[in-house]
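The values are calculated or read from the model by the stated rules, or taken from the named source; none is laboratory data. All of these numbers come straight from a predicted model, not from anything done at the bench. Note: ideal-geometry Cβ built from the backbone for every residue, glycine included; neighbour counts use all protein chains shown.
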Amino acid sequence: MGTRIQAALSRAGQWSAIALGVSIPFSVALDSVLLVLVAACWLGAGAWRETWEAVRTNAVAICGLLLFGLLALGALHGDLGSRETVRYLAKYSDLLFIPVFAVLLRDSVQRRRALQGFAASLLAVLILSWWIAAGLPAGRPLLGTPDNPVVLKHYLTHGILMAFGAFLFARFALSADTGRARALWAVGSLAAAVNTLMVPGRTGYIVLAVLALYLGYAALRWRGLAATAAVMSATVAVLATIPGPFQERFGLAGADPASPASQQARISNAQRLEMYSVTLEIIRDHPVLGVGTGAFPAAYAKRNPGGLVSESRNPHNEYLLMAAQVGVAGFALLLALFWAHWQLAPRLATALECDLARGLVLVLAIGCLFNSLLLDHTEGLLYAWLTGVLCGGLKGPVMGNGKWEMENRAR
């Protein structure tokens, strides 16, 4: 009886994890419910040995757990029990779920369902966004306007999701079995890429460019990289001459300096520079232990009264935020997490999963230069969820001289 119950809980956990991929682009509330279900089912299934193996052989899971452990220790150094400390720890707790997702989704069929569900959710967001952009009737709960056709997320998050969606759909097109499927995924990728440029999120633009360059290199090595760079250069040259979000957000010649978007971009740039400067001062004064997990807002407000940004929950840079909270060790562990993620990718089950893993870490590594993505709900949860899904197919140690990667890609 106990074994049957554990098996049933394991299946429920699998489907909850799969459903989470559908929920992430849409609903924070549903994400929270599904996370509770995943945790409860995993605990009830009692897969302790499997979870230990998933951690022991996975450098990404190890780095994630170490980073969260350091943040937990940082809570002792800060104001333990304060609202901000609890809030920040809760945000970073997504890192704990990486091995849980990996254990629940060890089966290749379930991993494929998870990726398909996530792709379907991104396609739904894409269709709704184009609907809004066309000026067709749209009301609550949709948030966007024709000038900023987001759906249910802030434009920054929407841009990152659509940039990764363009990459995901393009990668699906490359591995499609039929010409029709290849064409459909290619159209979806192009639509997602254009949609990324329709919202005023510079991070999304940069992420899209980096992912395009990586995909070109992954597909055709240096020839693909050169071709992608040429296409991107031509695209940027064209966009620079067209009035719109791209021109205004980057302050290019031709943009109307009096437009609200241009003014907002200038203000945003000044605010970011000030936040970076103040945060570096905090790090300079607390280089070893930091100010404590969740103590950044108080430290910032004390340091910068009367500034352009007198209060800030984060400096819009995850690397600086981590160093400010838990010192240089936190900064080093964050770098180690991303490096381990990149190095682990060739050990995943398929070439598709390898490329998705490296695309995901590029999104986080680049995005964290301009935003505190691990602290943001959607981006932080997406990183933990998709990393866990992909790591469900983790293979053995890397062979010498890249042999494993060549064999992996040959399958």
**OP:** Return the pairs, sorted by first residue and then second, in which the second residue is of a type in the set (D, E, K, R) and assigned to a loop (DSSP other than H, G, I, E, B), the first residue lies in segment 126-155 and is farther than 15 Å from GLY204 by Cα, the beta carbons are less than 8 Å apart, and the residues are 6+ apart or on different chains.
**Re:** LEU143/LYS153
**OP:** Kindly indicate the residue of segment 73-111 that is aromatic (Phe, Trp, Tyr) and farther than 22 Å from ARG313 by Cβ and also surrounded by the most Cβ atoms within 10 Å (Cβ to Cβ) among those meeting that condition.
**Re:** PHE101
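Rundown of residues vs (1) surrounded by 15 or more Cβ atoms within 10 Å (Cβ to Cβ); (2) polar (S, T, N, Q), yes/no style:
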| site | (1), (2) |
| --- | --- |
| SER23 | yes, yes |
| VAL36 | no, no |
| TRP52 | no, no |
| CYS63 | yes, no |
| LEU71 | yes, no |
Subject >> Single residue of LEU333, LEU386, LEU356 found to be touching a Cys at 6+ places or on another chain (Cβ under 9 Å), not assigned by TED's automatic domain parsing to the domain that holds SER175 and not in a loop (DSSP other than H, G, I, E, B) >> reply: LEU333
Original post:
Taking segment 144-174, which residues are farther than 22 Å from SER268 by Cα and not in a loop (DSSP other than H, G, I, E, B)?
Top reply: MET162, PHE164, GLY165, ALA166, PHE167, LEU168, PHE169, ALA170, ARG171, PHE172, ALA173, LEU174
**OP:** Inspect segment 126-142 for any residue being surrounded by 23 or more Cβ atoms within 10 Å (Cβ to Cβ) and closer than 19 Å to VAL361 by Cβ and give the result as yes or no.
**Re:** no
**OP:** Could you please tell me which pairs satisfy a Cβ distance under 8 Å, a separation of 6+ or placement on different chains, a first residue in segment 368-380 that is outside the structural domain of ILE24 (by TED's automatic domain parsing) and closer than 19 Å to ILE98 by Cα, and a second residue that is of a type in the set (S, T, N, Q) and outside any loop (DSSP other than H, G, I, E, B)?
**Re:** ASP376/THR157; THR378/THR157; GLU379/THR157
**OP:** From (1) under 30 Å from GLU311 (Cβ atoms); (2) not assigned by TED's automatic domain parsing to the domain that holds ARG347, pick out the condition that doesn't hold for LEU96.
**Re:** (2)
Original post:
Residues LEU34, LEU76: which one is touching a helix residue (DSSP H, G or I) at 6+ places or on another chain (Cβ under 9 Å) and part of a helix (DSSP H, G or I)?
Top reply: LEU34
Original post:
Which numbered condition trips up ALA166, out of (1) at pLDDT below 95; (2) out of contact with any strand residue (DSSP E or B) (no Cβ under 9 Å at 6 or more places or on another chain); (3) within 21 Å of ALA365 (Cα to Cα)?
Top reply: (1)
Original post:
Counting just the residues of segment 123-178 that are under 22 Å from ALA29 (Cβ atoms) and among the charged types (D, E, K, R), which one comes out nearest to the chain's Cα centre (by Cα)?
Top reply: LYS153
**OP:** Would you confirm whether any residue within segment 63-85 is of a type in the set (Asp, Glu), out of contact with any strand residue (DSSP E or B) (no Cβ under 7 Å at 6 or more places or on another chain) and within 27 Å of SER16 (Cα to Cα)?
**Re:** no
